[in-house]
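The values are calculated or read from the model by the stated rules, or taken from the named source; none is laboratory data. Please read all numbers here as calculations on a predicted model, not as lab measurements. Because the Cβ atoms are built from the backbone with ideal geometry, glycine has one as well, and the counts that use them run over all protein chains shown. Ligands, DNA and RNA are excluded from the accessible area calculation, which covers all protein heavy atoms including side chains. Shrake-Rupley method; radii C 1.70, N 1.55, O 1.52, S 1.80 Å.
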Amino acid sequence: CPTNPDSITVLLVDVTDPMTLAQKQDFRNQLDRLTAQIPRHGKLVITKVDPVSEKLLSPIVTRCNPGVGADTSNLDGNPAKLDRLHKEKFIAPIQDAYDQILVASGADRSPILESIQSINLTELASDPRSDIRKKLVVASDLLQHTDSLSFYQTLPAAEQLIDSQSFSRVRTDLRGVEVELWMLQRGDSTRSQPRALPDLWEKMIRAQGGELMRVY
C-alpha cells in the first residue's frame, strides 16, 4: 500500500453462528460489490470481531487497489501489467480470505463496540487526513454481548445507553467516517432483532460522530 492511500475502507465481520448457504452467497456478493468500489490507491482492511482486552485487533487481510488497465495507456503505462497486478495482488488475496472470514467463532461474547473502537484507532483515526474518504462496514447480527453491555435480553434505551459508563469506555471518534451495517439475520430475528436494533445503532454511531449511510 502507498504510505498515504487515497481512501480507507474497513470491513469488520462478526460471525458467531454459522451462516446459511444463502447468507454466505449474499455476503460474497456484498463483499465483491464492496471490493469493486475501492478506488485506485484505496485501501481495504478486513478483520473480525474479537476480544481486545489484551491486544488490539489484527486484520485478516489488508490490500490496496493498484488500479486496472483502463487507468493507464500504452503511452504512459502498461495496462496488461496493471490488470495482472489488480487480479493477483488485490482481488485474489481477498477471495482467498473468504473461508477464513466466514468461519463462525462460536464465542459466547460479541464485543462489537470494542472491536469498532480497536479497528478505528489502528486504521481510521490513525490517519489524520480529513480530505480522504473513510468508511466502516460492520457485518454482524448487531447484538453486542459482553459482561458490561448486552443487547441479548432487552435493548437499552438509546439515551440511557449513550450516557452510561459502559458506553463511555467503548466509544470512539468516528467523525468523518461513513458507516454501513450489514445485519446478519438470526433464526429468531423476529424476537432478537427488532426494528429498534438498527435504530439504536444509528444513534450510537451518530453519538460518536459517524454517519450511517446504509443498513442492509
**Ile60-Arg169 pseudo-label distance in nm [points 7 Å out on the Cα-to-Cβ vector]** = 2.8
**Prompt:** Taking the Cα centre of each part, how many Å lie between the stretch 105-156 and the stretch 201-215?
**Reply:** 12
**Request:** Count the net charge of all other residues whose Cβ sits under 12 Å from the Cβ of Thr16, scoring Lys and Arg as +1 and Asp and Glu as -1.
**Result:** -2
**Complete:** Tilt, helix 196-207 to longest principal axis of the chain (alpha-carbon atoms), in degrees rounded to tens, equals 70
**Asked** Can you tell which of Asp99, Asp173, Asp141 shows the greatest fluctuation in a Gaussian network model of the chain with Cα springs below 10 Å?
**Response** Asp99
**Per-peptide average of other Cβ atoms within 10 Å, ordering 11-17, 106-112, 158-164 highest first** = 11-17, 106-112, 158-164
**Request:** With the full set of protein chains in place, find how many percent of the accessible area of the stretch 137-189 is carbon and sulfur; take the probe as 1.4 Å.
**Result:** 44
**Fill in**
Amide H proximity to Val61 below 5 Å, modelled H, separation 5+ or other chain, gives Ile46
**Request:** Identify all aspartates and glutamates with a Cα-Cα distance to Lys135 below 18 Å; exclude those on the same chain that are fewer than 8 residues away in sequence.
**Result:** Asp6, Asp14, Asp32, Glu114, Glu123, Asp127, Asp173, Glu178, Glu180, Glu202, Glu211
**Asked** What percent does the relative contact order of the stretch 1-110 come to when contacts are Cα pairs within less than 8 Å and at least six residues apart?
**Response** 32
**Prompt:** What pairs in Lys55/Lys87; Lys24/Lys87; Lys48/Lys81; Lys134/Lys203 have C-alpha atoms more than 29 Å from each other?
**Reply:** Lys55/Lys87; Lys48/Lys81
**Request:** For the stretch 87-131, compute Rh as the Kirkwood radius over C-alpha pairs and then the Stokes-Einstein diffusion coefficient at 4 °C and 1.567 mPa s; write the answer in µm²/s, rounded to an integer.
**Result:** 97
**Fill in**
For the stretch 26-182, the per residue accessible area (1.4 Å probe, Å²) is 51
**Request:** Can you tell me what the convex hull of the Cα atoms of the chain projects to on average, as an area in nm²?
**Result:** 12.5
